[in-house]
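One structure below.
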Amino acid sequence: MTVAIGADHAGFELKEQVKQILANLGHEVIDFGTDSTESVDYPDFGLKVAHAVADHKARFGITICGSGNGMQMAANKVKGIRAGLAVNADMAYMTRLHNDANVLSLSRDYTDRNELEQIVKNFLTTEFEGGRHERRIAKITAEEDSH
């Protein structure tokens, strides 16, 4: 599976760890940067990841910044993207199971490194449950389509 990844300067080191996890799991990675801890603007990278997913160049995306919130907000501005923040494995599971998230936002500051691999695995392997959740996702999509 192809996974797009991007981080700002705060998330750079965690991005490198996630890339290694993805490689170890056998996934292809499209890395949109950044390539150092030098200060950059998080939307530049979060939007690139989101567009790669929306344009079907990657099945999923992973964005990383200090809190995870900025990247999540930027990614969610792209039509068709449902970015979910997960700081533990259960949140990653639930954002796929109930919200059909296609972008995982990670936090450098709040993510338990001991759970990092399981967070990534849960996000990539959990199937959307559908059922009652389809109605809720349809409401989000309808709002998105109305603008």
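The values are calculated or read from the model by the stated rules, or taken from the named source; none is laboratory data. This is a predicted model, so every value here is computed, not measured. All Cβ positions, even for glycine, are placed from backbone atoms using ideal geometry, and neighbour counts span all protein chains on display.
Some observations on this one:
- With respect to being modelled with pLDDT of 95 or more, among the polar types (S, T, N, Q) and in a helix (DSSP H, G or I), residue 95 fits the description.
- Qualifying positions in segment 55-88 - in a helix (DSSP H, G or I) and of a type in the set (Gly, Ala, Ser): 70, 74, 75
- Residue check, residue 32 touching a Phe, Trp or Tyr at 6+ places or on another chain (Cβ under 8 Å) and closer than 22 Å to residue 145 by Cα: no
- Pairs with Cβ under 7 Å, 6+ apart, first in segment 111-138 and in contact (Cβ under 8 Å) with a residue 60 or more places away in the chain, second part of a loop (DSSP other than H, G, I, E, B) and buried (at least 17 other Cβ atoms within 10 Å of the Cβ): 111/87; 123/86
- Residue in segment 40-54 that is modelled with pLDDT of 95 or more, of a type outside the set (Asp, Glu) and part of a loop (DSSP other than H, G, I, E, B) present: yes
For every residue, the table says whether it meets (1) modelled with pLDDT of 95 or more; (2) under 19 Å from residue 12 (Cα atoms); (3) of a type in the set (Gly, Ala, Ser); (4) out of contact with any strand residue (DSSP E or B) (no Cβ under 9 Å at 6 or more places or on another chain).
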{"position": "73", "(1), (2), (3), (4)": "yes, yes, no, no"}
{"position": "77", "(1), (2), (3), (4)": "yes, no, no, yes"}
{"position": "112", "(1), (2), (3), (4)": "no, yes, no, yes"}
{"position": "125", "(1), (2), (3), (4)": "yes, no, no, yes"}
{"position": "134", "(1), (2), (3), (4)": "yes, no, no, yes"}
